1. Considering only segment A:31-53, I want to know if a residue exists there that is outside any helix (DSSP H, G or I), at pLDDT 75 or above and surrounded by fewer than 12 Cβ atoms within 10 Å (Cβ to Cβ).
2. Pairs, please: C-beta under 9 Å, at least 6 apart or cross-chain, first residue basic (K, R) and in segment A:212-225, second at pLDDT 95 or above and outside any helix (DSSP H, G or I)?
3. Go through the residues of segment C:146-165 one by one and say whether even a single one is open to solvent by 20 Å² or more (accessible area, probe 1.4 Å), among the hydroxyl-bearing types (S, T, Y) and modelled with pLDDT of 85 or more.
4. List the pairs whose first member sits in segment B:1-18 and is closer than 15 Å to C:S211 by Cα, whose second member is open to solvent by 50 Å² or more (accessible area, probe 1.4 Å) and in a helix (DSSP H, G or I), and whose Cβ atoms are under 6 Å apart, counting only residues at least 6 apart or on separate chains?
5. For segment B:29-49, indicate whether the set of residues that are among the hydroxyl-bearing types (S, T, Y), outside the structural domain of B:T86 (by TED's automatic domain parsing) and at pLDDT 90 or above is non-empty.
6. Is at least one residue of segment A:108-115 part of a loop (DSSP other than H, G, I, E, B), open to solvent by 40 Å² or more (accessible area, probe 1.4 Å), in contact with a helix residue (DSSP H, G or I) (Cβ under 8 Å, 6 or more places away or on another chain) and over 21 Å from A:G250 (Cα atoms)?
7. Restricting to segment C:152-206, and then to whatever is closer than 16 Å to C:L80 by Cα and charged (D, E, K, R), can you tell me which residue is farthest from the other protein chains (Cβ to nearest Cβ)?
8. Output the number of residues of segment C:176-207 satisfying the condition of being under 19 Å from C:R146 (Cβ atoms), open to solvent by 10 Å² or more (accessible area, probe 1.4 Å) and not charged (D, E, K, R).
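The values are calculated or read from the model by the stated rules, or taken from the named source; none is laboratory data. Values in this document were obtained by computation on a predicted structure and should not be read as measured data. Note that each Cβ is placed from the backbone with ideal geometry, even for glycine, and that neighbours are counted across all protein chains shown. Just so you know, the surface numbers come from the protein's heavy atoms only, side chains and all, with ligands and any DNA or RNA stripped out. Shrake-Rupley method; radii C 1.70, N 1.55, O 1.52, S 1.80 Å.
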Amino acid sequence: MLLKLLKYDLRSMWKQFRVIWPAALILGLVNRFIFGAPTIYDGSFSLVVGNYTFAPNGGAFTQWLGVITMFLFFGVFVAMVLVSFIFVITRFYKGLLGDEGYLMHTLPVRSWQLVLSKLVCALVVTVVNAIVGVLALVLMMPLNWTELFDTELWRMILRALAKHPDTLLYFFEFCALFLTVFTLGALVLYLSMSIGHLFSSRRVLMSVVAYFGLNILGSTLNNLINRLGFPRWLAGLPVNSHGELWISIGLTLIPVVLMFLATSWILTHKLNLE
Amino acid sequence: MDWKLSDDRPIWLQLSQQLARRIVTGIYPPGSRLPSVRELAAAAGVNPNTMQRALAQLEQDGLAKADRTAGRLVTQDTTILEAVRTAEAQIVINQYFDAMAELGYSQQEAALLLREELK
Amino acid sequence: MSEQLITCQGLTKAYGHKAALSGVDLEVGRGRIVGLLGPNGSGKTTFIKLLCGLLQPTAGTLEVAGQPIGPATKSLISYLPDRMYFADWMRAVDLFDLFRDFYRDFDYSKALAMCASLGVEPGDRLKSMSKGTKEKVQLALVMARRAQLYLLDEPIAGVDPAARDFILHTILTNYNEEGTVLISTHLIADIEKVLDEAVFLKAGQVMLHNSVDNIRENEGKSVDALFREIFRATPMEGGEF
């Protein structure tokens, strides 16, 4: 049943993003042609489009273009984060607590399956968003693409990895931590909306209040744990920095599980679609 | 012949009367197969259970009988058909007298007027 | 299999201080078409939403086929809400796919056939359809299931008489005869002849539950006439009738 729900949610996601994602990549490409100035890779940059060869040289103009490019980098990044954020909220609010909820909550499934499906879908959107964002930046940057696939470059990376083999592990651990933290963020939003749903009126306002409430609660608990000497305790443990990362992930999972259960409980026992 | 349902009496009763009327007028000839409950119900725009009850009444009155292979057949018993026809006629006659009574005619006067009409 | 399809005892639903249903005791059997009749605000929609689990009762018990409301009862119930419930991107076929995935009793070819008789192209986006057409697609979706319990919330409100006949005809010719159809409406004259039973709701309480034939026999008038009589009389105490 969960897989069937995911199929539906991912389809719904695809319908929303099938324009945005290619558009972001194309925009990156277009920016490269317009602002394709050698700000980082000075001099070595040249691009051939048809019969035209772009080989701009340095100067005040290109520096100015470089600033714009940086703004665009930043813009793309903010846009992607914002889109993820809005997606997390709307898919849950409209899909489970709005009119579409009439369809989803009358399916023969359990509430936790509905929540999990939305959550997994939100994670997929975020990961793809990150990939698209990075790709758009790469496309936008005035790099010489042939150099990007230069075997010498990759050989260097491989050699570096051979020297410090746990770099790759760190990378995956940070990805896992990022996903866990993101899951926590999404669940705070879900739980806030579910708490708002408990009220018979002003549900949106109460959701916002609940969101701030949960965040304050979270940071208070965080402070409390720190004051109780958690960092010292962690430093005292006979683990390396990998272990510390995994402990952080594990500890983040505690509120994740609690909030997931709370959200599912509210949707099972307190659902009131009016 | 359309299905006409009035407000004051149970629907199944009206349906069985109209089915009987259809049988004696030959819309459903003797020995023929009656449409299925579903078809009749859909045509009359009524609940199949109601139509079922109306058909059960027809069976009880001897106008139709359940067939072994499914469905119902109209009776070929002429005495029953004739009796129902007479009963239907009686209803029409009573309606005439009722209407005339409303206009202030006694039964004798009403009968007289009818005889005048036939001359 | 329990004898009654719907059983509820002391069923109460309050929104804040206002009770939408108060102390409803009701039993509905299988294989019937039942009218849930009452003016606006009498608790019809609340009762239906409680049955399909979109609302949670404040007090009392509610069972469908002997089970409390949950995934098991949801798989038995085919629900037509009083609003559009699909996402913007969906086409009729997307809804059919969804129903085929989740409901084992969904008849895909029947849904397509119903679309054809409605003159609806299943590949068209629902959003671009007229309100009447969207309602018909939802009706096709709901009636293409061989459900134990059909919950139809105001299926004929706000449509013209021709569409009304079409909708009633669709319901009559497609529902599962072993299942029960519960139709909520305040337009009784139009659906009276398709009903087996009538349940009158007034201010959140059941005033009357009887077969349509019995009502006509006992009262010598149509359910519609009786309804008008009861709900014109103001104010009247609820409870026993």
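1. Initial filter on segment A:31-53 (outside any helix (DSSP H, G or I)): A:36-53.
Among the residues that remain, those that are also at pLDDT 75 or above are: none.
Among the residues of segment A:31-53, not one is outside any helix (DSSP H, G or I), at pLDDT 75 or above and surrounded by fewer than 12 Cβ atoms within 10 Å (Cβ to Cβ), which makes the answer no.
2. none
3. Restricting attention to segment C:146-165, the residues satisfying the condition of being open to solvent by 20 Å² or more (accessible area, probe 1.4 Å) are C:146, C:148, C:154, C:157-162, C:164-165.
Narrowing further to those that are among the hydroxyl-bearing types (S, T, Y): none.
No; the residues of segment C:146-165 include none that is open to solvent by 20 Å² or more (accessible area, probe 1.4 Å), among the hydroxyl-bearing types (S, T, Y) and modelled with pLDDT of 85 or more.
4. The qualifying pairs are B:P10/C:E217; B:I11/C:K193; B:W12/B:R53.
5. In the first step, residues of segment B:29-49 are kept if they are among the hydroxyl-bearing types (S, T, Y); the result is B:32, B:36.
Keeping just the survivors that are outside the structural domain of B:T86 (by TED's automatic domain parsing) gives B:32, B:36.
When the remaining residues are screened for being at pLDDT 90 or above, the result is none.
For segment B:29-49, residues among the hydroxyl-bearing types (S, T, Y), outside the structural domain of B:T86 (by TED's automatic domain parsing) and at pLDDT 90 or above: absent.
6. Let us first name the residues in segment A:108-115 that are part of a loop (DSSP other than H, G, I, E, B), namely A:108-110.
When the remaining residues are screened for being open to solvent by 40 Å² or more (accessible area, probe 1.4 Å), the result is A:110.
Checking the rest, the ones that are also in contact with a helix residue (DSSP H, G or I) (Cβ under 8 Å, 6 or more places away or on another chain) come to A:110.
Restricting the remaining residues to those that are over 21 Å from A:G250 (Cα atoms) gives A:110.
Yes, segment A:108-115 contains at least one residue that is part of a loop (DSSP other than H, G, I, E, B), open to solvent by 40 Å² or more (accessible area, probe 1.4 Å), in contact with a helix residue (DSSP H, G or I) (Cβ under 8 Å, 6 or more places away or on another chain) and over 21 Å from A:G250 (Cα atoms).
7. C:E154
8. 0
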